[in-house]
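Input: a single structure, listed below in structure tokens.
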Amino acid sequence: MRLIELIAEASGWANDITTIYVEQPWSCEANAILVSPAPDTTDPVKRDGRHYEYFIETFIARDVIEGLIGSIEERCQRLISYAQNEA
């Protein structure tokens with residue numbers, strides 16, 4: 001699943017003990033996965049032969065994008081910026 005698709009489904013995230021991992025380089029088109037329960041570390045994970053880097057916990061992502069106005073692309077870019085610079 002692409003990061004932008006995952007973010008579009010934010011209202012369906014099941015719980016707050018889930019973490020988002022994304023393939024580098026981070027972009028809205030990058031492959032992304034949800035890992036639950038969240039690992040105790042931010043070490044990369046490998047799934048189906050792909051390497052995913054820690055991105056952000058879903059409860060934080062939900063807080064960041066919840067009040068944002070704009071397209072899904074704009075919300076995705078804002079979340080990437082947050083994960084790179086503020087998380």
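Just so it is clear, none of the values below were taken in a lab; they were calculated from the coordinates. Not measured: the values here are computed from a predicted model. Neighbour counts are summed over all protein chains in view; Cβ atoms, including those assigned to glycine, are modelled from backbone coordinates with ideal geometry.
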Labelled set [x] -0.53, -1.31; [y] -0.41, -1.55; [z] -0.45, -1.42; log10 I(q)/I(0) by the Debye sum over Cα atoms at q = 0.14, 0.26 Å⁻¹ computed from this model equals the value at [y]
Within segment 59-82, name every residue whose backbone N is under 16 Å away from a label modeled 7 Å from Cα of Ala8 along the Cβ vector. 70-77
Identify, among Thr41, Ile65, Cys28, the residue whose Cα sits farthest towards the positive end of the charge dipole of the chain, taking +1 on the Cβ of Lys and Arg and -1 on the Cβ of Asp and Glu, with the dipole about the Cα centre. Cys28
Leu34 versus Asp48: modelled label distance in nm, points set 7 Å from Cα along the beta carbon direction: 1.6
For Ile17, Ile33, order by how many other beta-carbon atoms lie within 10 Å, fewest first: Ile17, Ile33
Principal-axis tilt of helix 72-85 within the chain, Cα atoms, nearest 10 degrees: 60
